[in-house]
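Just so it is clear, none of the values below were taken in a lab; they were calculated from the coordinates. Computed from a prediction, not measured in an experiment: that's the story for all the values here. Cβ coordinates were reconstructed from backbone atoms using ideal geometry, including for glycine residues, and neighbour counts include every protein chain displayed.
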Amino acid sequence: MLNKASIELDGVSFKVQAGITVKRALELRGYKVSKYPDPASLFTPCETGGCWSCAVEVDGQPQRACLTIVRDGLSIKTVLPDDYVPRRIVTGFRGHQVGGVGTPWWLKSASGYIETACFAAGCNFRCPQCQNWDITYQSQGKLLSPREAAERMTEARYKFRVDRMAISGGESTLNRAWLLEYARELNKLNSDANARIHVDTNGSILTKDYIDELVEAGVTDVGPDLKGFNLESFMRITGMEDRDLAERYQRTAWEAVRYLIEEYKDRVFTGVGIPYNRDLISVQEVEMMGEKLSKIDPELQVCVLDYRPEFKKQDLVRPSYDEMVEIHTVLSGKGLKTVVCQTKYGHIGPRPDMA
């Protein structure tokens, strides 16, 4: 016989199986839980405890619904107090010599540090070749408020003598309230004209209204990392199994790129990342991505990442330099003027004749 636990959920007492997560208990009581943001549901994107997007009040304290275990006598409130300060596991705050896909290409060849970067734990993808898997699946670590993280990033900026301050992941956008407040706090602490606030993202939940809020909060550079043209490739690269959700994520990311260019080209630097490894995506599909991006804006910076053996895909063979030269030629041939390809020997930059 299953052990039952008596709990209180939003003032209503009932019994549920002991040992399940609070998230599962909510589902059993008819609460809507979603991996895509919805005001009427509890957003549980990473389910590993890193992003804290699914925080609820448990016995008077904020806890993660995805990890907190139900026990007898538990009291749960799904609405957090008005004075709740969002928190998230964020690490790094160090100098970066290469930058991300949202870093302007002309800085990538500079010597020394070109920006500071921090990394937010948790991700809604399950990429088998994830290069930051230790951050993606990190569930333990010091929780930082937006102000605390902004103070650490500001200290790092002056320590490494740079103007660019980047956040990546995992997936940086999952905890929306946290990221928006972090950008606001960072903007307050770095009000000089040289300061740049850079967000690298997979773009999967970067809706138009979210972009508007980020720009209003002070974000100046955005790097959406697209994961394919065909849905099948997108699912293979991201490790997603829910086809409908994958299609929604992919569509949102592509729409985000278009919206950033159409609405914010003069205010926000946008650099797009696309993947390449012949075992994951074909040259022909990369070419299709290039054609679509060129129609959005031929001047858009496109960074091609040479996917290498990582995490669960140790069988991958890193693309050769010659392969990346081919990719660079293919994309440039579609009219893209600012193609940057990552290789084991460094970056291949934009072609002089395309400038």
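Remark: the range 267-273, residue by residue, has Karplus-estimated 3J(HN,Hα) of 10, 10, 7, 10, x, 9, x Hz, where x stands for each Gly or Pro and the curve is 6.51 cos²θ - 1.76 cosθ + 1.60 at θ = phi - 60°. Computed over the range 37-154, relative contact order equals 29 percent, with contacts defined as Cα pairs under 8 Å that lie 6+ residues apart. Using +1 at the C-beta of Lys and Arg and -1 at the C-beta of Asp and Glu, which of CYS46, THR21, ALA193 has the Cα lying farthest in the positive direction of the dipole of the chain? Result: THR21, furthest along the dipole toward the positive end.
Each Cα pair under 8 Å and six or more residues apart adds its sequence gap; the mean of these over the residue count of the chain is a relative contact order of 13 percent. For the range 221-281, the normalised intensity computed at q = 0.18, 0.24 Å⁻¹ comes to -0.65, -0.95 (log10 of I(q)/I(0), Debye sum over alpha carbons, equal scatterers, no solvent).
Dipole magnitude for the chain: computed about the Cα centre from +1 point charges on Lys and Arg Cβ and -1 point charges on Asp and Glu Cβ, it is near 660 debye. Across all directions, the average flat footprint of the convex hull enclosing the Cα atoms of the range 1-152 is 11.7 nm². In summary, the lysines within cross-link reach of LYS23, defined as a Cα separation below 23 angstrom excluding same-chain residues under 8 places away, comprise LYS4, LYS15, LYS32, LYS35, LYS77, LYS142. Under a no-solvent Debye model with one identical scatterer per Cα of the range 88-354, what's log10 I(q)/I(0) at q = 0.08, 0.13 Å⁻¹? Evaluating at q = 0.08, 0.13 Å⁻¹ gives log10 I(q)/I(0) of -0.29, -0.81. Connecting C-alpha atoms closer than 10 Å in a GNM of the chain, tell me which of ARG64, ARG318, ARG29 has the biggest fluctuation. Greatest mean-square fluctuation among the candidates belongs to ARG29. Residues THR338, THR21, ranked from the fewest to the most other C-beta atoms within 10 Å, line up as THR21, THR338.
Taking a Cβ cut-off of under 13 Å around THR91, the surrounding Lys, Arg, Asp and Glu residues balance to a net charge of +2, with basic ones at +1 and acidic ones at -1.
How tilted is helix 283-296 with respect to the longest principal axis of the chain? Cα atoms for both, answer in degrees (0 to 90, nearest 10). Tilt of helix 283-296: around 90 degrees. Derived value for the range 194-308: Kirkwood hydrodynamic radius 14.5 Å. Basis is the mean of 1/r over every pair of different alpha-carbon atoms. By the Cα gyration tensor, the range 259-355 has an equivalent ellipsoid whose semi-axes, rounded to whole angstrom, run 24, 15, 12 from largest to smallest. Its Cα centre serving as origin, the range 42-165 has a Cβ charge dipole (Lys and Arg +1, Asp and Glu -1) of approximately 460 debye.
Here r is the Cβ-Cβ distance between ASP163 and GLU262 and R0 is 35 Å; the resulting FRET efficiency, rounded to 0.05, is 0.85. With neighbour counts taken as other beta-carbon atoms within 10 Å, the residues GLU8, GLU57 rank, fewest first, as GLU8, GLU57. Here's how it looks for ILE205: its modeled amide H is under 5 Å from none belonging to a residue 5 or more places away or on a different chain. Taking Cα atoms only, the orientation of helix 146-160 departs from the longest principal axis of the chain by about 30 degrees. Placing +1 on the Cβ of every Lys and Arg and -1 on the Cβ of every Asp and Glu, with nothing else charged, gives the range 153-247 a dipole about its Cα centre of roughly 460 debye. Local charge for VAL219 was computed over the other residues whose Cβ lies under 15 Å away, with Lys and Arg +1 and Asp and Glu -1, and equals -4.
For the chain, the longest principal axis of the Cα atoms and the long axis of helix 176-189 meet at an angle of about 60 degrees.
Hydrodynamic estimate: the Kirkwood radius of the range 4-77 over Cα pairs, inserted into Stokes-Einstein at 4 °C and 1.567 mPa s, corresponds to D of 106 µm²/s.
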